[in-house]
Amino acid sequence: MKIPYPVFLKRSQDAPKWMPFVTSVGAVLLAFIISGIVLAATGANPLKVYSYFFKASFGSWGAFSDVIVKATPLLLIGLGCSLAFKMRLWNIGAEGQFFVGAFLASAVVMVPLVNLETTPRWAIVSLMALLGMIGGSLYGFIPGFLKAKLNINEVIITLMLNYIAVLWNNYWIFGKWSEAGFQMTKTFPHSAWLPRLADYAKEIPAFSGMTAHAGILFGLIAAVIVYLIIYRSKWGYKITLIGDNPKAARYAGINIAANTILIFMVSGALAGLAGMTEVSGVVHRLQERISTSYGFSGVIVAWLAKLNPFAVILVSILFGALLVASREIQPSGISFLIQGITLFLIISSDVLLKYEIKWVRPAQETAQ
Amino acid sequence: MRAISPIKDELMTFTEEPNAIPAVEMRDITLRFPGVLANDHVNFTLYPGEIHALLGENGAGKSTLMNVLTGLYKPQSGEIRIHGKKVSFNSPRDAIANGIGMVHQHFMLVENQTVTENILIGLDTPHFALNLKKFDHEISDLADQFGIHIDPTAKIWQLSVGEQQRVEILKILYRGANILIMDEPTAVLAPQEADELIETLKGMAAQGKSIAFISHKLNEVKQVADKLTVLRRGRVTAERMDLENFTRESLASLMVGREVIFNLQKCEQTAGREVLRLEDVSAVNNKNLPALRNVDLALHEGEILGIAGVAGNGQSELVEVITGLRECTGNVWLEGKNIANKPPAFSISHGLAHIPEDRIGVGSAPNLSLTSNIIMKRYDQKPVSQKWQLDYVAADSLADGLKTEYDIQAPNVQTQARKLSGGNLQKLILARELSSAPRLVVAMQPTRGLDVGAIESVQQLLLNQRAQGCAILLVSEDLDELLSLSDRIAVMYEGHVVGTICSGDFDINQIGLMMTGTIPQDLKSPSSVEDSSGSNENSSISAPSSRFDEVLDHVKSFEESSSPSEEADQSVTPPEEPSEEDLPPSEILPEEDPELNLSEKERVLRKVLGEKYQQGDVE
């Protein structure tokens, strides 16, 4: 049997600059179309569903504030993942680092490490943020160290550590810090809350009821810092070099082991900070379900943004919107469906960046 | 039409018969890539039973032409006839169906599968159940038919590069190919392996296979081919020529289009003070086996120390130990600092430049820009480094300057390194390494795989460094290169430095013998086999050493006393040497009739020295 137009892939030398952007946007659009087909198959009108989606997440400032709340941890985790992925370190452990960050941040209140009555709010919150980052980075140190010294696959380690972190948190919220037997700690005092927009409703009435908290500022500042690291700093150059060719980096005198550990710790610190913003800015207590698998969505966010820190901001808002919208429709799994399909498409679209698809036609050859 | 294909007993008669139908006839092949005329009315004819070399620089259009023949590209004009029948290939599948197979430079083998399994991959038979034993037999019969030595049950990872190449050849033979295209097959091989390959190819040609042999190595072409076609910038500059009419120089000028200087400008100078000293250095290889054994070496300012040896005798480990990429015991002194077991950054900061063997895998970051590759070792120095920042503007201008100075052909400094040709990539690496005013340059195979023009400029750059007082350690499997560049040559065998020779005493035969490890094992004369540093510490290049005459005498007396007949002399070579039965004593017995021994001698030297051997080099 003969195929009329044999198709083959040819390694492309020069993917145009706009190509990554187009594939990312294309992946999202295609994911919506495919999910639309699924929705239609279940008897719903996809267009109606999507317009509902849009209204639910961008329909009002209040809704948008909710989107920001969901986008905050995604942004921080997405940035951490981007940094690690830039060095080709597959940190799938953001979920675990998130939980350990949340745990250590909660410890400030639960132990308590400072006098919650007298210490000013900014100091408590700063300490919580700091401990959140330390928690995440310590938890990132484990896979980093194992990878650097023993060359153990970081994907397996980080994945497994996620479960340990969740169980570790459970130990505390079921046991020692349990609030009257419920699986959660007591509510934190106001002095341990990240400032929210609603806090300023007296001055600006429009803010009333808005839950967006200062965590988003952490995220935006982190985006700028990560951008400077990757594109401006010497360290970013080293990361990029190791990512592209570790042997060349070693040959050039770069200490790969140290940078592996460092990147894991920084990546973990950002995830840990995300954990702190959730407990201090949203739920105000440590509890079982503080994460709607932010750690894994963050991986998708980083990929979809092609590891560009500013693109991570946009993508995390999009994904935040999906999460908010999923509350409005049933089954709520539809937004995860879209997320999953998007990741699937974005990874497959890499083939378009690396190869040109050609069919064999006479007199139509390109340089190899 | 396959019936026309030659059968065994018709053999060589095809070669010179004018009436025979060519196995391949390509006429007026024109193929234009955007901006490049890759093939401009190229003719190529290949007769059954013939080895036809296709010679040309990188980018001359050799590979393109062969890709047309294997159906990968379709030419804009021209026609292809296979055994007289006009064909038009739409895909490589069509070419295979017509009995055309290509062995690429980079092998496509599955490491964890056996030879047989690799050969069967992609075939329609067996359909489902696999009786490996039966196919093992089939393949071993096929291998025997062509004199290829291979164990069909061996796993690919257990095989040497040369053996892996044999698997690739068997793969296409098994698919019924009678037209074989070899794309620079010797580029990846050690000299001995290359010779074995050439023997195999000649055997296959004698059985009627037609072989197109792509190469840019002049010596090798003279050794292997019956006919020659030379390409230059997509055009044929010599078509189906007999090789006798060419000298190395005339071949080179056909390839490059100008006279190539084979004698480089090398000034006379005496070596200065010591830059590098290795004391009792030992190291293990990746398999944890001893690779370096008690090596002592010294290297001085303005001196090129060549390291000769058959591949895999500790040269790579030596380089890695010096550059800090491998752990060792013993001391490595660079300008008075012990750099043994120090991280690479330490020796880099003390003036060590390293031109690695693997340009793409180690020497560059393929997906990063020219600039990023240039600053690889100086991103931490002014003006590129600005506190925590990296000044990309300064980096670009630095890269731009070096791009001009070292004549790196690339659109701009933002070009990714992987888009550079081999020669330009090597120039990029040289630009990075040499522009930092190094004290010591460690260069491993700096010209391997480059075309003639690039080889010349790389070698000249090394000589310029020497003139500036830099110490250079040059590891090469190209003996011609070592002989023309080095002030001293140290020969390595099984991790030992067998001995060191000064430039006045260079003798390719002696070096060849030392590369087989003969001297230290069979001559119990401490003075003759003494290692470099001790005796060479103060010897300047100009001071001639008489040690080699001594060695020669010892060899002679040894030969005479122990073995009057040639047969008995087989014991002279160590058992590890695969070519042991071929090593006669003739080259060290000048009394014998040179005419009588020439062919034998030639055979041996070719075995030992591979393509580097030239008739002119025998005394």
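Just so it is clear, none of the values below were taken in a lab; they were calculated from the coordinates. Predicted model only: the values in this text are computed from it and were never measured. Positions of Cβ are backbone-derived with ideal geometry, glycine not excepted, and every protein chain shown enters the neighbour counts.
Expressed as a rounded percentage, what relative contact order does chain A have, with Cα pairs under 8 Å and six or more residues apart?
Answer for chain A is 36 percent.
Neighbouring Cβ atoms within 10 Å as the yardstick, rank A:66, B:136 fewest first.
In increasing order of surrounding Cβ atoms, one gets B:136, A:66.
Rank these for me by crowding, B:427, B:419, going from fewest to most other beta carbons within 10 Å.
So the ranking, lowest neighbour count to highest, is B:419, B:427.
Dipole of region B:382-426, Cα-centred, from +1 at each Lys and Arg C-beta and -1 at each Asp and Glu C-beta, to the nearest 20 debye?
200
Taking the radius of gyration and the Kirkwood hydrodynamic radius from Cα positions alone, what is the Rg/Rh ratio for region A:104-207, to two decimal places?
We get a ratio of 1.10 for region A:104-207.
How many lysine pairs does region A:72-325 hold where the Cα atoms are under 19 Å apart and the two sit 8 or more places apart or on different chains?
13
Looking at region B:35-116, which GluC sites (Glu not before Pro) are DSSP coil and have at most 13 other C-beta atoms within 10 Å of their C-beta?
Passing both the DSSP loop test and the Cβ count: B:111.
State to the nearest 20 debye the size of the charge dipole of region B:361-436 about its Cα centre, where the only charges are +1 on K and R beta carbons and -1 on D and E beta carbons.
The calculation lands at about 180 debye.
Restricted to Cα positions, what overall size does region B:279-318 have along the principal axes? Three whole-Å values, descending.
The Cα atoms of region B:279-318 stretch 36, 22, 11 Å along the principal axes, largest first.
Along the charge dipole of region A:142-241, Cβ charges K/R +1 and D/E -1, which of A:212, A:168, A:180 sits furthest on the positive end?
A:168
When the expected Rg is taken as 2.2 N^0.38 Å, what fraction or multiple of it is the alpha-carbon Rg of region B:361-436?
1.00
Which of rounded, prolate, oblate describes region A:220-368, given a ≥ b ≥ c as roots of the alpha-carbon gyration tensor eigenvalues and a/c under 1.5 marking rounded, otherwise prolate only if a/b is larger than b/c?
Here region A:220-368 falls in the oblate category.
Could I have the simple spin-label model distance between residue B:235 and residue B:414, label points 7 Å from Cα toward Cβ, reported in nm to one decimal?
Those two pseudo-labels are separated by 3.6 nm.
Going through the DSSP H helices of chain A, which span 20 Å or more along their own axis at the Cα atoms while scoring at least -0.5 as a mean Kyte-Doolittle hydropathy?
A:19-41, A:61-86, A:94-110, A:121-150, A:154-171, A:215-232, A:256-277, A:309-326, A:334-348
Quick check on region B:273-343: take the gyration tensor over C-alpha atoms, sort the square-rooted eigenvalues as a ≥ b ≥ c, and tell me if it's rounded (a/c under 1.5), prolate or oblate.
Judged from the Cα gyration tensor, region B:273-343 comes out oblate (a/c at least 1.5, b/c at or above a/b).
Taking Rh as the Kirkwood radius computed over C-alpha pairs, what is the Stokes-Einstein D of region B:106-175 at 37 °C in a medium of viscosity 0.692 mPa s, expressed in µm² per second?
In µm²/s, the coefficient is 274.
Just to confirm the filter: which trypsin sites (Lys or Arg not before Pro) across region A:222-306 are DSSP coil and have at most 10 other Cβ within 10 angstrom of their Cβ?
When the trypsin sites (Lys or Arg not before Pro) of region A:222-306 are filtered for loop state and at most 10 Cβ neighbours within 10 Å, A:289 remain.
Which value, in debye to the nearest 20, describes the size of the charge dipole of region A:187-284 about its Cα centre when Lys and Arg Cβ atoms bear +1, Asp and Glu Cβ atoms bear -1, and nothing else is charged?
Taking the Cα centre of region A:187-284 as origin, the dipole is about 460 debye.
Would you list A:19, A:276 from fewest to most Cβ contacts within 10 Å?
Values: A:19 15, A:276 31.
With the sparsest Cβ surroundings first, the list reads A:19, A:276.
Semi-axes, largest first, in whole Å: what does sqrt of 5 times each Cα gyration tensor eigenvalue give for region B:235-375?
36, 20, 18
Select from B:363, B:308, B:349 the residue farthest towards the positive end of the dipole of region B:308-381; place +1 on Cβ of Lys and Arg, -1 on Cβ of Asp and Glu, and compute about the Cα centre.
With unit charges placed on the Cβ atoms, the residue in question is B:349.
With each pseudo-label sitting 7 Å past Cα toward Cβ, what's the residue A:328-residue A:292 distance in nm, one decimal?
Computed distance between label sites residue A:328 and residue A:292 equals 1.3 nm.
What is region B:118-245 by shape, rounded, prolate or oblate, if you read a ≥ b ≥ c off the alpha carbon gyration tensor as root eigenvalues and call it rounded for a/c under 1.5, prolate for a/b larger than b/c, and oblate otherwise?
Verdict is prolate for region B:118-245.
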